[in-house]
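Encoded as structure tokens, the structure appears first; notes follow it.
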Amino acid sequence: MPSPIEERRSAFQRYKRDVKERGKPFYPYAMFHDTVMSLVVVVTIVVLAVIWKWTLPDQHDGTKPGWLGPLYEPRADPGTTNFVPRPDWYFYFLFYLLRIFKWPDSVLLGTVGIPTICLILLIALPFVDVRRERRLLRRPVALVAAVLTVLSMGVLTYKGATAKESLGSETLAAVPNWAAKQGFANNEEAVAGAKIFAQVGCLNCHSYLSTGGGFPGAPDLTAEGSKNRGIQFQIDHLKCPDCVHPGSPMPSFKGLGETNLHQLAVFLEASKGG
């Protein structure tokens, strides 16, 4: 009985004979077809780009559309605190996994672990399954796996596309508790600043009343107000952290605008430690 390697070698020889007698080899025929098709796609993209550019009206800001859309979208507002970023549609499945696997305990499993395992299995499949049988009814395991994969991707994509959430929704719910513990519940500016603090990503690095944290060296801001640095110091630091503390890795929040910065500074000064 021939070994699997001998069977593959004989099958390859039969393939070569079939190609020589009644078929065409991959090179150069299929490669030529692929090259021509790739050229057609590139030319189409270039033509569409030229049409898009040259049909734009002659105006300064570029927001008026041409035949294929505007050159620029309306100018972004860096001071917004209610914009909810969402991924492109082909990442909706991964986007929804973030709602299933919560930070910080299992988020790596959902965002890195599962996609990496699936990719490894996909790469290994041609090396594991070397049978020549290709009829679907003769390959029940592969068929079931493919159907389940398509269904799960479809469901996750749909759920991600229809998911409703607000920016900082999880931390925003903690603001009343912060206000009660810190004693600034009657200070409207401090409460508004706490909401900004919860929404703009401060808790990605800093911690506050055992919430957030995750960047080594970022201080706990629970008792920031007890240092009595003053409103103006907090505003200056938020605008240019490196100017106040040379070498600080903290980004500038100047784009939030004077009103938001003042409210954020009032919140920080009202945080005396509970």
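Readers should treat all values here as calculations from the given coordinates under stated rules, not as data from a laboratory. Just so it is clear, the structure is predicted and the values come from calculations on it, not from any experiment. Quick reminder, even Gly has a Cβ in these numbers, built from the backbone with ideal geometry, and neighbours come from all protein chains shown.
Can you figure out the FRET efficiency of residue 133 with residue 102, using R₀ = 41 Å and their beta-carbon distance, to the nearest 0.05?
Taking R0 as 41 Å, the efficiency between residue 133 and residue 102 is 0.45.
Determine the principal axes of the Cα atoms in segment 124-185, then give the extent along each, sorted from largest to smallest and rounded to whole angstroms.
73, 24, 14
So between residue 53 and residue 90, what do we pick up on full extension, going 0.36 nm a residue minus the alpha carbon distance? Spell out each step's value before the answer.
Working: separation 37, 0.36 × 37 = 13.32 nm, distance 2.69 nm.
Working it through step by step, the gained length comes to 10.6 nm.
Per the helix-only calculation at 222 nm, which mean residue ellipticity applies to the chain, given -39500 (n - 2.57) for every DSSP H run of n ≥ 4 and division by its residues, nearest 500 deg cm²/dmol? Could you put the intermediate results ahead of the total?
Values: 11 runs with 140 residues, N = 274.
Calculated at 222 nm, the ellipticity per residue is -16000 deg cm²/dmol.
Give the shape of the chain as rounded, prolate or oblate, defined through the alpha-carbon gyration tensor: a ≥ b ≥ c are the square roots of its eigenvalues, a/c under 1.5 means rounded, and otherwise the shape is prolate if a/b is larger than b/c and oblate if not. It would help to have the intermediate numbers written out before the result.
Details: a/c = 3.25, a/b = 1.91, b/c = 1.70.
Prolate is the answer for the chain, as a/c is 1.5 or above and a/b outweighs b/c.
Hey, in the chain, which Cys have no second cysteine's beta-carbon closer than 4.7 Å?
That list is 118, 202, 205.
What FRET efficiency do you get for residue 83 and residue 248 if R0 is 30 Å and r is their Cβ-Cβ distance, rounded to the nearest 0.05?
For residue 83 and residue 248, the calculated efficiency is 0.75.
Lys and Arg at +1, Asp and Glu at -1: add these up for the other residues within a Cβ distance under 11 Å of residue 262 and post the number. Show your work: numbers first, answer last.
Working: positive: none; negative: 189, 258, 269.
Charge balance in the 11 Å sphere: -3.
Any chance you could check the Cα centroid distance between segment 198-259 and segment 1-76 for me, in angstrom?
49 Å
Over the chain, what relative contact order in percent results from Cα pairs under 8 Å that are six or more residues apart?
Worked out over the chain, it gives 15 percent.
Could you give the DSSP H helices of the chain that reach 30 angstrom or more along their long axis (alpha carbon positions) and whose average Kyte-Doolittle hydropathy is no lower than 0.0? Could the numbers behind the result be given before it?
Details: long enough: 31-54 (34 Å, 1.83); 140-162 (33 Å, 1.51).
Helix filter hits for the chain: 31-54, 140-162.
Please report, in debye to the nearest 20, how large the charge dipole of segment 191-274 is about its Cα centre when each Lys and Arg carries +1 at its beta carbon and each Asp and Glu carries -1 there.
Dipole magnitude for segment 191-274 comes out near 80 debye.
Which of these, 200, 40, 175, has the largest mean-square fluctuation under a Gaussian network model of the chain (Cα springs below 10 Å)?
The residue with the greatest mean-square fluctuation here is 40.
Run the numbers for residue 37 and residue 180: contour at 0.36 nm per residue of separation, minus the present Cα-Cα distance, in nm.
44.9 nm
Determine which lysines satisfy two conditions relative to residue 254: a Cα distance under 30 Å, and not lying fewer than 8 residues away in the same chain.
Hits, sequence-local ones excluded: 64, 164, 181, 195, 227, 239, 272.
Among 148, 256, 172, which one shows the biggest mean-square fluctuation in a GNM of the chain, springs joining Cα atoms closer than 10 Å?
Among 148, 256, 172, the largest GNM mean-square fluctuation belongs to 148.
Express in nm, to one decimal, how much length is gained between residue 68 and residue 147 on full extension, taking 0.36 nm for each residue of separation and deducting their alpha carbon distance. Walk me through the intermediate numbers first.
Working: separation 79, 0.36 × 79 = 28.44 nm, distance 3.74 nm.
Between residue 68 and residue 147, full extension yields an extra 24.7 nm.
With only alpha-carbon atoms in the gyration tensor, what are the semi-axes of the equivalent ellipsoid for segment 85-165, in Å, largest first?
Value: 30, 15, 9 Å, ordered largest first.
Rounded, prolate or oblate for segment 124-274? Axes are the square roots of the Cα gyration tensor eigenvalues, ordered a ≥ b ≥ c, and the cut-off for rounded is a/c under 1.5.
It comes out prolate by the Cα gyration axes.
Compute a Gaussian network model of the chain, connecting alpha carbons closer than 10 Å, and tell me which residue from 150, 50, 84 fluctuates the most.
Result: 50 has the largest fluctuation of those listed.
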